[in-house]
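One structure is given here, and the rest of the page talks about it.
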Amino acid sequence: MILAREAIELLGQMARILWFEGTKHGLRDREWMALRFLSRANRFSRTPSALASYVGTTRGTASFIIGELERLGYLERKRSATDKRSVTLSVTQQGKKFLVRDPISVLLEPIAVLDDETKIRFRDTLRHVLDQADAAEQRHHTDVCKRCIFLREDRTATDGKPGAAEFSCRLFRAPIAEAEIDLLCTSFEHHRQ
């Protein structure tokens, strides 16, 4: 139990890099979190309500964050072509360039130098802890589509040869490009063992 407690204390210390007082490079911690998330989110999760869910705030606060990032030129919102009431949020080129200054780089660099097997174990350990906490709290965290229970993969065979994979989301009843399965989704639900 002591090792588990030590690990949690270390996570808490690392969290101070993510959550901080004031600003870093002109953005508050939640604005950084929003910009970071929207740069990796799938099209279903680039909405104000999904952002509010991810950041863990109200829609009003998320709206303020969106407005600030728009004002700085890091984010743009577009009306949905199919539903005029909804908007899609996208990180601008200027926002993508600005992400190079992200304060979490001090965490990324030491992890990036680890060998691939260690990085995978580290990531999977964190996912396991989140999955267990989610089960205990009866909630869901954000993760990539390829791990989601709603992802459907079909392979169509032609002339007896395996065909290319086609993906779709059963929750949104929409096709998903292969490049999208590595993006974040706030509607993620992991497979239960």
Long-range amide H partners of Leu75, meaning residues 5 or more apart or on another chain whose placed amide H is closer than 5 Å, are Glu70, Thr92
Within region 62-193, what whole-number % of the accessible surface is contributed by carbon and sulfur, with the 1.4 Å probe and all protein chains included in the calculation? 53 percent
Region 50-97: trypsin sites (Lys or Arg not before Pro) in DSSP loop, at most 12 other beta carbons within 10 Å: Lys84, Arg85
Karplus 3J(HN,Hα) series, Hz, for region 96-113 with 6.51 cos²θ - 1.76 cosθ + 1.60 (x for Gly, Pro): 5, 5, 5, 4, 4, 8, 3, x, 6, 4, 5, 8, 4, 4, x, 6, 4, 7
Which one, Val55, Ile2, Ile17, is farthest towards the positive end of the dipole of region 1-55 when Lys and Arg carry +1 and Asp and Glu -1 on their Cβ? Val55
How much solvent-accessible surface does His128 expose, in Å² to the nearest 10, with a 1.4 Å probe and all protein chains in place? 110 Å²
Amide H partners (placed H, <5 Å) of Asp143, local residues excluded: Cys185, Phe188
Calculate, for the chain, the solvent-accessible area per residue in square angstrom, rolling a 1.4 angstrom probe over the heavy atoms of the protein chains. 66 Å²
How fast does the chain diffuse by Stokes-Einstein, in µm²/s, taking the Kirkwood radius from C-alpha pairs at 10 °C and 1.306 mPa s? 85 µm²/s
Nearest-10 value in Å² for the accessible area of Ser90, using the 1.4 Å probe: 30 Å²
Tell me, rounded to the nearest percent, the portion of alpha carbon pairs in region 1-75 spaced more than 22 Å apart. 32 percent
Separation of the Thr82 and Arg101 label points, Cα + 7 Å toward Cβ, nm: 3.7 nm
Taking all protein chains together and a probe of 1.4 Å, list Phe188, Phe122 from the most accessible to the least accessible. Phe122, Phe188
Could you report the accessible area of Glu31 in Å², rounded to 10, computed with a 1.4 Å probe on the protein chains as they sit in the structure? 0 Å²
As a check on your grasp of the helix formula, calculate [θ] at 222 nm for the chain: sum -39500 (n - 2.57) over DSSP H runs of n ≥ 4, divide by the residue count, round to the nearest 500. -14000 deg cm²/dmol
Counting only residues 5 or more places away or on other chains, whose amide H sits under 5 Å from the amide H of Thr47 once H atoms are built in the peptide plane? Leu89
Distance histogram for region 34-85 (every C-alpha pair counted, 10 angstrom bins, percent rounded to whole numbers): 24, 59, 17
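The values are calculated or read from the model by the stated rules, or taken from the named source; none is laboratory data. Here the structure is a predicted model, which is why all the values come from computation and not from measurement. Methodologically, a virtual Cβ is constructed for each residue, glycine included, from the backbone with ideal geometry; neighbour enumeration extends over all protein chains shown. Ligands, DNA and RNA are stripped out before the accessible areas are found, and what is left, the full protein with its side chains, is counted by its heavy atoms. Shrake-Rupley method; radii C 1.70, N 1.55, O 1.52, S 1.80 Å.
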